[in-house]
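The structure appears below as structure tokens.
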């Protein structure tokens, strides 16, 4: 995890918040460093994590996590991490003719006429269901990257239903947290993606929006992050709190600074 980001968010693995839905958005840049941050953060916090990884392999996430001082392999072995490797699961589903006994495949919608994500929701619910012998902190659902489901054929309404029911179970009933990464391109003509982005923005408690610099590549400033703390529905008279910083990604860390105050500039 990145200590400076924790300071900006007033967060600590010793006192993780509960019942929050955090939306990670990236535009003209790669926001995956935020996924790695929250994955290592919640594992360090002792939370039970269900990671729906649709973009990269387990080995990729594990290599980055090790740089941040966390072993995903060890977390899986002790039952703290449930990892759904989306790339491998898609191949297994498409090229395996025999049906496996037991629960439906989490990505069953790819081979069904219906596009609902009920099987994926059931997987998440079963993965994070409390057990009497468990000593983990609140459950956490982490999704990277939700937009991949659109590419695999899921309907936008089905994706929003999936997130809605996950929020009800994970955030409301189990007092856990959800973190979702989604790509956003305001200039794109992809109306389905815009619908999902706008809907999730409306229902989020916290939005971390990273954007590439409008001026293009810079070796000392890699992008801008907008931290948006949403007000509750009961406090609509108040405005969302917005903070803007620039950042630079290093090998094992990310540094943040006010716009125009990069050490290279000063």
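The values are calculated or read from the model by the stated rules, or taken from the named source; none is laboratory data. Remember, it's a predicted structure, so these values are computed and weren't measured experimentally. FYI the Cβ positions are ideal-geometry reconstructions off the backbone, even for glycines, and counts take in every protein chain you see.
Going by the conditions given, is residue 185 assigned to a loop (DSSP other than H, G, I, E, B) and either in contact (Cβ under 8 Å) with a residue 24 or more places away in the chain or out of contact with any strand residue (DSSP E or B) (no Cβ under 7 Å at 6 or more places or on another chain) (or both)? It would help to see each step written out before you state the result.
Numbers: assigned to a loop (DSSP other than H, G, I, E, B): yes; either in contact (Cβ under 8 Å) with a residue 24 or more places away in the chain or out of contact with any strand residue (DSSP E or B) (no Cβ under 7 Å at 6 or more places or on another chain) (or both): yes.
It is true that residue 185 is assigned to a loop (DSSP other than H, G, I, E, B) and either in contact (Cβ under 8 Å) with a residue 24 or more places away in the chain or out of contact with any strand residue (DSSP E or B) (no Cβ under 7 Å at 6 or more places or on another chain) (or both).
So is residue 188 at pLDDT below 95 and crowded, with 20+ Cβ neighbours inside 10 Å or not?
So residue 188 does not fit the description; no.
So, in the stretch 116-130, how many residues would count as being touching a residue at least 60 places away in the same chain (Cβ under 8 Å) and over 17 Å from the mean Cα position of the chain (by Cα)?
0
Within the stretch 84-98, can one find any residue that is closer than 19 Å to residue 124 by Cα, surrounded by 14 or more Cβ atoms within 10 Å (Cβ to Cβ), modelled with pLDDT of 95 or more and touching a strand residue (DSSP E or B) at 6+ places or on another chain (Cβ under 6 Å)?
Looking through the stretch 84-98, none of the residues is closer than 19 Å to residue 124 by Cα, surrounded by 14 or more Cβ atoms within 10 Å (Cβ to Cβ), modelled with pLDDT of 95 or more and touching a strand residue (DSSP E or B) at 6+ places or on another chain (Cβ under 6 Å).
Restricting to the stretch 130-151, give me the number of residues that are assigned to a helix (DSSP H, G or I) and surrounded by 17 or more Cβ atoms within 10 Å (Cβ to Cβ).
3
When only residues in the stretch 152-173 that are surrounded by fewer than 20 Cβ atoms within 10 Å (Cβ to Cβ) and under 14 Å from residue 194 (Cα atoms) count, which is modelled with the lowest pLDDT?
155
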